[in-house]
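Each reported figure results from applying straightforward, stated rules to the coordinates on display, with no laboratory input. Computed from a prediction, not measured in an experiment: that's the story for all the values here. Reconstructed Cβ throughout: ideal geometry from the backbone, glycine too, with neighbour counts over all protein chains shown.
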Amino acid sequence: MNKYVAFLRAINVAGHAKVKMNDLKQAFIAAGCKDVRTVIQSGNVIFDAPERDTESRIQEIQNKLCELLGTQAAVMYRTLREIEDIVKTASFKNIETDSDTKLYVAFLSRKPRNKPTLPLLLPKEALEAVQMKSLEVFIVSRKKKNGGYGFPNNFIEKEFGVPATTRNLSTLTKIAALSSG
């Protein structure tokens, strides 16, 4: 058995695609996954699946999610080991941060159509994509003049030309700690 993390795109965000975490957990169990756990309300699911059967298990998960949500779900899958590596080697070490800074990782669904030169800035939204490793983009978000933060996922999808889902580094740290504990 391998341990995986599924990141669902655009559920429980601003009233969009509302789903209860217990229903989400049950969909993964119905797809044959073991030791299923959800983390916070934004569609993070930790689960075990046989290594030899990963592709068919993912297809079954997609089928169950479609039944649950009434539409095809965009899900980015990573192994727990990949998440642990991302947390350990997060490319934010040379970034000056303070209480007005948030650090994010965007998970791309596939190899990007566009490969912009990094760092990539979106000053209006106070966002900076600082590095890309594999299918992950590391993003710094600073508080804007109006007191809010930019939306890194829209920025990344537009610039890289593929669907993505974005998580705060603190969420990924929590997932890695829960999974290994």
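Things to note:
- Against the empirical 2.2 N^0.38 Å (N residues), the chain has a Cα radius of gyration ratio of 1.03.
- DSSP loop trypsin sites (Lys or Arg not before Pro) with at most 13 other Cβ within 10 Å excluded, longest remaining stretch of the chain: 21-92
- If you take the Cα centroid of segment 128-181 and the Cα centroid of segment 1-71, the two points sit 20 Å apart.
- With all projection directions averaged, the alpha carbon convex hull of segment 2-73 covers 4.2 nm².
- Quarter of Cα convex hull surface for segment 84-180, i.e. mean projection, nm²: 6.3 nm²
- Taking every C-alpha pair closer than 8 Å and separated by at least 6 residues, the mean separation divided by the residue count of segment 43-181 gives a relative contact order of 26 percent.
- Think of the chain as having a plus end and a minus end, set by charges on the Cβ of Lys, Arg, Asp and Glu; of Ala27, Ile83, Leu108, Leu108 sits farthest toward the positive end of this dipole.
- Only Lys, Arg, Asp and Glu carry charge here, each on its Cβ (+1 for the first two, -1 for the last two); on that basis segment 84-180 has a dipole of about 220 debye about its Cα centre.
- Charge dipole (debye, nearest 20) of the chain; +1 at Cβ of Lys and Arg, -1 at Cβ of Asp and Glu: 300 debye
- Per DSSP, loop GluC sites (Glu not before Pro) in segment 88-144 with at most 13 further Cβ within 10 Å: Glu96
- Helix axis angle, 54-69 relative to the chain longest principal axis, alpha carbon, degrees: 80 degrees
- Computed on segment 2-73, with alpha-carbon pairs under 8 angstrom and 6+ residues apart, the relative contact order is 35 percent.
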